[in-house]
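Note sheet for the following structure.
The values are calculated or read from the model by the stated rules, or taken from the named source; none is laboratory data. Because the structure is a prediction, the values reported are computed rather than measured. We place every Cβ from the backbone using ideal geometry, glycine too, and count neighbours over all the protein chains shown. Calculation scope for accessible area: heavy atoms of the full protein, side chains included, ligands and nucleic acids excluded. Shrake-Rupley method; radii C 1.70, N 1.55, O 1.52, S 1.80 Å.
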Amino acid sequence: MTRTTPLTIADLTATRSVHSPAPGGEWWRDAVIYQVYPRSFADGNGDGIGDLPGVTARLDHLKQLGVDAVWLSPFYRSPQKDAGYDVADYRDIDPLFGTLADFDEMLAGAHERGLKVIVDLVPNHSSDQHVWFQEALAAAPGSAARERYMFRDGRGPAGDEPPNNWQSIFGGPAWTRLAPREDDGELGPQWYLHLFDSTQPDLNWENPEVRAEFEDVLRFWLDRGVDGFRVDVAHGMVKADGLPDWDGKAAMVEGTVADDGSTGAGNSGPMFDQEGVHDIYRAWHQVLAEYDGDRALVAEAWVEPLSRLARYVRSDEMHQAFNFSFLTTPWDAATMRTVVDVSLQTMESVGAPTTWVLSNHDVVRHASRFGLQEIGGRQLNGIGADDPQPDAALGLRRARAATLLMLALPGSAYVYQGEELGLPDHTALPDDVRQDPSFFRTGGAEPGRDGCRVPLPWVGGAPGNGFGPSEKTWLPQPDAYADLAADRQYGVAGSTYELYRTALELRRAEKLGTSTLAWVDALSADADVVAFQVAGVTVVANLGTTPLALPADAQVLVASGELTDGALPGDTTVWLRA
Ligand code: NOJ
Ligand code: CA
């Protein structure tokens, strides 16, 4: 049902059910947090790979944009088999990205500008080059060194079948067998578990030594002054007793949203969302609480429904959890309203802020995703040259509308580097430049996530579009990046960059992040409209195609696209003062 009678100001101000954010003045309750993916943000030395000096040199971009904090994906010592999510030394910087001194300089530069800094912690697995795993390989079965990881004997009389049937999230089996040793038992060489790539062995979180080590790693970075941690695979560290077989398919991203706001039925297997993970976060909460400045833990947990996710942010556990239900919401107003409503309600029930996110380094950017006919399934994590290609104009239009909707919502919002430029994915990368292990482990059946990780364009038309001081970029940029480069958008009315900047400025001035949300009554059953009030701002998003006549006397604060004759066109969001 779409309205036919024109809206009045009275329509826009009558509201029904309301959501009030949980109280508390901590910075993370309403922060807008910008994700830097270091290898693709800015290159300081011309080798074609982004680095920490590159980040430092571009901090003013973030300050001007108006975000509150930065989260950096891993920059630790790593063989880069999974772009740094395979950590060989949790207390050092990979030479690719710089040195600890470069880190300190970046941190100080961010703090000088009033930006908080969150670093990425990868506790589910290490790299196979980590000294612990190397020790485990050299040690005998049953040794203390092997107890730090998930080693098991194989099944079958010769132990040559994997210990269970689990599949790696990147494709193929989740177990790899070691090379034979003289002191192998009757069942021959052991196997080790890796939920991801075979170079990412899972740590054994039942082992107190592993727990102590990670608390120490937390302190190492807290002492250096970081404001928090984004915790990788926060739902995966503890596995069900006995590692029982499971016929499901574990995934990072699920693409369907049910009425209750839940997304699909995956990730309920014995490797995920076990009760035991919560003890770990209670202990970490205590570690952070010893420090000043409201340091925060953010869960990357692909669990559903939202009520399960809320358990990660109970008052003595983590502080925030990524809202992937929101990220996977299709372009449909009723579903969007439900997901927003359930998200707010569920997080309120545990006193945590809701978070909002539309893009990150694991999913197709929302400017490309919303340009696809169908959102969901495999297309969420990568589009290949042979796949149906997104409609770029439609994608960008919807992406801008989705962002403007998101930035008005109470709670904390995440912005992935480059989305403020309206960047699409590279959706036609040649196979020979791909690096994501999921491409290789699925034999190319999944294109993988490289398309959303392409180096940023800073100076349109310059070599590498100004990614660094040389023409090199570790992945090729699509042609569209020249016109979307930052310098082509600064100060340009109507550009995506200026849209983000205006919205972030208003969000801050109006305190939207800590205000109550109320649904606009007159529009709450409209099939194509999402409309709500937050503080002094009325937000109307038209997800359909029929223009919606706005009250003539409503003042437009910002719009994601041009209004036509006072009407809100399809795929457009507006913030009004009604
Ligand atoms: C989630 C990270 O975001 C992703 O990039 C990584 O591949 C996996 N965890 C494994 O660490
Ligand atoms: Ca570099």
TODO: With unit charges on the beta carbon (Lys/Arg positive, Asp/Glu negative), name the residue among SER168, LEU193, ALA138 whose Cα is farthest towards the positive pole of the charge dipole of segment 127-202.
DONE: SER168
- [ ] List the relative contact order of segment 127-202 as a percent without decimals, with contacts defined as Cα pairs under 8 Å and 6+ residues apart.
- [x] 31 percent
Task: Candidate residues GLU419, GLU135: accessible-area rank, largest first, probe 1.4 Å - done: GLU135, GLU419
- [ ] Please check which bits of segment 1-45 a label hung off ALA567 would reach, taking the label as a point 7 Å along Cα-to-C-beta and the cut-off as backbone N under 19 Å.
- [x] 1-9, 12
Open item on the list: Restricting things to Cα coordinates, could you compute the convex hull volume per residue of segment 52-208 in Å³?
Closed with: 129 Å³
Task: Dmax and Rg, reported as Rg then Dmax, of segment 203-251 (C-alpha, Å) - done: 14.5, 44
- [ ] Please list 534-544, 550-560 highest first by mean number of surrounding beta-carbon atoms within 10 Å per residue.
- [x] 534-544, 550-560
TODO: Grab the beta carbon distance between ASN165 and GLN345, set R0 = 41 Å, and tell me the FRET efficiency rounded to 0.05.
DONE: 0.65
- [ ] Please express the Cα-Cα pair-distance distribution P(r) of the chain as a list of whole percents, one per 10 Å bin, running from 0 to the bin with the greatest distance.
- [x] 3, 18, 28, 27, 16, 6, 2, 0, 0
- [ ] With label points built 7 Å along Cα→Cβ from the Cα atoms of SER268 and THR5, find their separation and express it in nm.
- [x] 4.4 nm
Task: Additional length obtainable on full extension of the chain from ASP316 to GLN555, 0.36 nm per residue less Cα span - done: 81.7 nm
TODO: Taking the dipole about the Cα centre of the chain, with the C-beta of Lys and Arg at +1 and of Asp and Glu at -1, give me whichever of MET252, LEU504, ALA578 is farthest to the positive side.
DONE: ALA578
Open item on the list: With a 1.4 Å probe and all protein chains left in place, how much accessible area per residue does segment 127-202 have, in Å²?
Closed with: 42 Å²
Open item on the list: Using the basic label-point model (7 angstrom from Cα toward the beta carbon), what is the ASP247 to SER307 distance in nanometres?
Closed with: 2.7 nm
Open item on the list: How large a share of the accessible area of the chain, in percent, is made up of carbon and sulfur atoms when the probe is 1.4 Å and the other protein chains stay in place?
Closed with: 50 percent
Task: Label-to-label distance, nm, for residues given as ASP60 and GLN373 (7 Å Cα→Cβ offset) - done: 4.7 nm
Task: Once the Cα gyration tensor of segment 1-128 is diagonalised, semi-axes √(5λ) in Å - done: 39, 18, 16
- [ ] Go through SER315, SER20 and list them by solvent-accessible area, largest first, probe radius 1.4 Å.
- [x] SER315, SER20
Task: Where only C-alpha atoms are counted, convex hull volume of segment 302-402 per residue in Å³ - done: 96 Å³
- [ ] Over 18 Å, how big is the tail of the calculated P(r) for segment 127-202, in percent of all Cα pairs?
- [x] 35 percent
Task: Residue among GLN286, TYR37, VAL415 farthest towards the positive dipole end of the chain, charges placed on Cβ - done: VAL415
TODO: With a Förster radius of 25 Å, plug the Cβ-Cβ distance of GLU186 and GLU147 into 1/(1 + (r/R0)^6) and report the FRET value to the nearest 0.05.
DONE: 0.80
Task: Spin-label zone in segment 88-107 - amide nitrogen under 14 Å from a point set 7 Å from the Cα of ASN45 along the C-beta vector - done: 93-103
TODO: Evaluate the charge dipole of the chain about its Cα centre and quote only its size in Debye, nearest 20, assuming +1 on the Cβ of each Lys and Arg and -1 on the Cβ of each Asp and Glu.
DONE: 1220 debye
Open item on the list: Test of understanding: what is the full-extension gain from GLU505 to ASN207, defined as 0.36 nm times their sequence separation minus their Cα-Cα distance?
Closed with: 102.6 nm
Open item on the list: Using the crude model of +1 on Lys and Arg Cβ and -1 on Asp and Glu Cβ, and no other charge, please compute the dipole size for segment 127-202 relative to its Cα centre, in debye to 20.
Closed with: 160 debye
